[in-house]
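A.B. asks: Just dropping this structure here.
The values are calculated or read from the model by the stated rules, or taken from the named source; none is laboratory data. Everything numeric here is computed off the predicted structure, so don't read it as measured data. No Cβ is skipped: glycine too gets one built from the backbone with ideal geometry, and neighbour counts run over all protein chains shown.
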Amino acid sequence: MLRISAAALILFGTGFLQVMFSIASILARPGQNVTMWCPHNIHVTGNLFWFKQTDGAVPVAIVHMSYTESLREVEPNYFNNFTKDHMVMDQFSKNTSLTIKQVKMSDSGFYFCGAKGYHKFGNGTRLQVKDHEQSSVSIEDCSRGIYFKLTLLFGGIIFFTCIVPLILAIIREHRRQKHKKAVAECQAQQHNDKENDSVEYAAVYFSNKRPKTARRHTKDPTAVYTNTT
């Protein structure tokens, strides 16, 4: 049995068994029955295999069946401690199936089929077995993560669309008021300087009159200037 399993893996590694991977995924709970399907293109006779790969490790062979066109009953061969009590393989004209009875956590992995000597065949299926509590926690954690990201996203949008323009408007208004105040102070200073420079003077005349008995009258005007401002 080990020799057949090793041969199947060698065929897989050398390209005789090629897989067309897909993103098919099944989420199951412990105790459920899960059936995975895989198409093939064998027309007359051939050999069908099912493989399991876990966390990027080397694929291991699960079961092998000889395919005949008449689809007669053929006893499957199991490898690597897999048994028919837990995994059941069936074959049909264009596809093959693998049913896992009462799945366990250890059944999680990537499953795919292969056919010896054929270059095109089946899609892979990723099986995830999680109990109800783990699924609820995962969904809750995912929801929290999405809520946190959306909060950051909308918070950033609100900040850049509302807060930033408001801050810029406040800065512009502050600068405008500061400039207006500076201009007013400058104008007031210029006005004060102009008033200090413009001094007006008025002339007051005094005449010294001599007695009428004098023959000749002489006026000696004296001008006194006073600041009228």
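A.B. asks: I'm trying to understand the selection: among the residues of the range 80-117, which are under 12 Å from residue 62 (Cβ atoms), charged (D, E, K, R) and in a loop (DSSP other than H, G, I, E, B)?
C.D. replies: 84
A.B. asks: Sticking with this structure for a sec: Of the residues that make up the range 93-108, is at least one farther than 15 Å from residue 39 by Cα, surrounded by 18 or more Cβ atoms within 10 Å (Cβ to Cβ) and of a type in the set (Asp, Glu)?
C.D. replies: Yes, the range 93-108 contains a residue that is farther than 15 Å from residue 39 by Cα, surrounded by 18 or more Cβ atoms within 10 Å (Cβ to Cβ) and of a type in the set (Asp, Glu).
A.B. asks: Are any of the residues in the range 80-97 within 39 Å of the chain's Cα centre (by Cα) and not aromatic (Phe, Trp, Tyr)?
C.D. replies: Taking every residue of the range 80-97 in turn, at least one turns out to be within 39 Å of the chain's Cα centre (by Cα) and not aromatic (Phe, Trp, Tyr).
Yes/no per residue for (1) modelled with pLDDT of 75 or more; (2) under 26 Å from the mean Cα position of the chain (by Cα):
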position	(1), (2)
106	yes, no
112	yes, no
115	yes, no
121	no, no
134	no, yes
138	no, yes
148	no, yes
156	yes, yes
164	yes, yes
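A.B. asks: Where residues in the range 48-58 are surrounded by fewer than 23 Cβ atoms within 10 Å (Cβ to Cβ) and not basic (Lys, Arg), which of them is nearest to residue 111 (Cα to Cα)?
C.D. replies: Looking at the filtered set, the residue picked out is 53.
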